[in-house]
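Q: Shown below is the structure under consideration.
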Amino acid sequence: DQQVKQNSPSLSVQEGRISILNCDYTNSMFDYFLWYKKYPAEGPTFLISISSIKDKNEDGRFTVFLNKSAKHLSLHIVPSQPGDSAVYFCAAFAGGTSYGKLTFGQGTILTVHP
Amino acid sequence: KAGVTQTPRYLIKTRGQQVTLSCSPISGHRSVSWYQQTPGQGLQFLFEYFSETQRNKGNFPGRFSGRQFSNSRSEMNVSTLELGDSALYLCASSPTGQGGYGYTFGSGTRLTVV
């Protein structure tokens with residue numbers, strides 16, 4: 001049972017344009033959501049997060065939107081840069097006794113073309 | 001401040017052997033979580049330790065175990081290695097392991113079982 005899903009395995013955009021990465025979840029107990037960026041053979045690097053009590057969080061070029069009724073979140077990168085090319089993971093935390101456990105989506109490979 | 005340090009970076013073992021991986025968390029972080037990343041299953045939670053106690057465990061066989069020391073450093077052990085254990089093993093540290101924030105990952109240990 002995959003509780004966090006990233007349905008697009010890959011996304012290709014032109015430098016300077018907007019990248020939109022999507023994530024859907026099924027577990028209503030998730031109360032915190034995170035986006036990580038990952039290069040091969042390295043650990044994920046934290047990008048941005050959002051609490052379930054908010055619907056938007058912004059940090060520089062990165063904005064995360066949360067639609068709780070649709071159980072959907074998205075990461076917007078504006079403008080996209082070639083250095084943004086990486087695998088992006090959506091992750092969720094369920095609170096309660098879910099100590100230390102992030103549930104990850106399968107990842108989306110973002111390629112930004114110069 | 002120093003990040004999360006995992007050693008070794010690469011490891012090759014033979015089926016049936018056992019292996020021990022190490023993780024040193026960010027100074028002040030008391031929670032350490034372990035994850036396995038494989039192409040087929042993505043990033044999956046193994047277990048979490050806080051103050052030398054395992055508080056949470058994922059759905060992995062008993063061959064996977066861990067421990068945490070009084071300085072918060074953690075080790076994970078895999079006994080009777082199988083080919084399917086080949087993966088990137090990541091650890092993440094956070095201040096408390098409660099709440100979905102502050103999770104910082106190490107660069108991982110690439111384990112190859114032959």
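Q: Filter the range A:9-26 down to the residues that are under 21 Å from A:Val112 (Cβ atoms) and open to solvent by less than 60 Å² (accessible area, probe 1.4 Å), then identify the one that is farthest from the other protein chains (Cβ to nearest Cβ).
A: So the residue we want is A:Gly16.
Q: So which residues in the range A:95-114 are in contact (Cβ under 8 Å) with a residue 60 or more places away in the chain and open to solvent by less than 20 Å² (accessible area, probe 1.4 Å)?
A: A:Gly95, A:Leu102, A:Phe104, A:Gly105, A:Gly107, A:Thr108, A:Leu110, A:Val112
Q: Going by the conditions given, is A:Val112 more than 15 Å from the chain's Cα centre (by Cα) and more than 17 Å from B:Tyr103 (Cβ to Cβ)?
A: The answer is yes for A:Val112.
Q: Ok, one more. Evaluate the following for B:Glu75: is it charged (D, E, K, R), within 16 Å of B:Val4 (Cα to Cα) and either open to solvent by 10 Å² or more (accessible area, probe 1.4 Å) or in contact (Cβ under 8 Å) with a residue 12 or more places away in the chain (or both)?
A: yes
Q: Restricting to the range B:98-114, what's the tally of residues that are outside any loop (DSSP other than H, G, I, E, B) and either open to solvent by less than 60 Å² (accessible area, probe 1.4 Å) or among the hydrophobic types (A, V, I, L, M, F, W, C) (or both)?
A: Here the count works out to 6.
Q: So which of B:Pro95, B:Pro8, B:Pro25 is within 14 Å of chain A (Cβ to nearest Cβ) and open to solvent by less than 40 Å² (accessible area, probe 1.4 Å)?
A: None of the others qualify; the one that does is B:Pro25.
Q: Any residue at all in the range B:81-89 that's within 14 Å of the chain's Cα centre (by Cα), within 11 Å of chain A (Cβ to nearest Cβ) and outside any loop (DSSP other than H, G, I, E, B)?
A: Quick first cut of the range B:81-89, residues within 14 Å of the chain's Cα centre (by Cα) only: B:85-89.
Next cut, within 11 Å of chain A (Cβ to nearest Cβ) only: B:88-89.
Adding the requirement that they be outside any loop (DSSP other than H, G, I, E, B) leaves B:88-89.
Yes.
Q: May I ask you to list the residues in the range A:35-60 that are assigned to a strand (DSSP E or B) and over 20 Å from A:Pro79 (Cα atoms)?
A: If the condition is that a residue be assigned to a strand (DSSP E or B) and over 20 Å from A:Pro79 (Cα atoms), then A:Ile50, A:Ser51 are the ones that fit.
Q: If we scan the range A:41-54, do we find a residue that is without any contact (Cβ under 8 Å) to a residue 40 or more places away in the chain, within 9 Å of another protein chain (Cβ to nearest Cβ) and either more than 18 Å from B:Gly100 (Cβ to Cβ) or of a type in the set (D, E, K, R) (or both)?
A: Within the range A:41-54 (the criterion being without any contact (Cβ under 8 Å) to a residue 40 or more places away in the chain, within 9 Å of another protein chain (Cβ to nearest Cβ) and either more than 18 Å from B:Gly100 (Cβ to Cβ) or of a type in the set (D, E, K, R) (or both)), the answer is yes, since at least one residue qualifies.
Q: Among the residues of the range A:27-44, write down those that are polar (S, T, N, Q) and either surrounded by 15 or more Cβ atoms within 10 Å (Cβ to Cβ) or out of contact with any strand residue (DSSP E or B) (no Cβ under 8 Å at 6 or more places or on another chain) (or both).
A: Restricting attention to the range A:27-44, the residues satisfying the condition of being polar (S, T, N, Q) are A:27-28.
Once the filter is applied, which keeps residues that are polar (S, T, N, Q) and either surrounded by 15 or more Cβ atoms within 10 Å (Cβ to Cβ) or out of contact with any strand residue (DSSP E or B) (no Cβ under 8 Å at 6 or more places or on another chain) (or both), the range A:27-44 yields only A:Ser28.
Residues checked against (1) of a type in the set (A, V, I, L, M); (2) within 20 Å of B:Gly99 (Cβ to Cβ); (3) touching a residue at least 12 places away in the same chain (Cβ under 8 Å):
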{"position": "A:Pro9", "(1), (2), (3)": "no, no, yes"}
{"position": "A:Ser19", "(1), (2), (3)": "no, no, yes"}
{"position": "A:Leu34", "(1), (2), (3)": "yes, yes, yes"}
{"position": "A:Glu58", "(1), (2), (3)": "no, no, no"}
{"position": "A:Phe62", "(1), (2), (3)": "no, no, yes"}
{"position": "A:Ile77", "(1), (2), (3)": "yes, no, yes"}
{"position": "A:Pro82", "(1), (2), (3)": "no, no, yes"}
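Q: So A:Ser69 fits all but one of (1) part of a loop (DSSP other than H, G, I, E, B); (2) surrounded by fewer than 15 Cβ atoms within 10 Å (Cβ to Cβ); (3) in contact (Cβ under 8 Å) with a residue 24 or more places away in the chain; what number is the exception?
A: It is condition (3) that A:Ser69 fails.
Q: On to the next question. Determine which member of the set B:Thr20, B:Thr53 is in contact with a strand residue (DSSP E or B) (Cβ under 6 Å, 6 or more places away or on another chain) and surrounded by fewer than 18 Cβ atoms within 10 Å (Cβ to Cβ).
A: B:Thr20
Q: Of the conditions (1) assigned to a strand (DSSP E or B); (2) more than 14 Å from the chain's Cα centre (by Cα), A:Gly83 satisfies every one except a single condition; which number is it?
A: The one condition A:Gly83 does not meet is (1).
The values are calculated or read from the model by the stated rules, or taken from the named source; none is laboratory data. Nothing here was measured: the structure is a model prediction, and the numbers come from that model. Positions of Cβ are generated from backbone atoms using ideal geometry, with glycine treated the same way; all protein chains shown enter the neighbour counts. All accessible areas refer to the heavy atoms of the entire protein, side chains included, with ligands and DNA or RNA removed. Shrake-Rupley method; radii C 1.70, N 1.55, O 1.52, S 1.80 Å.
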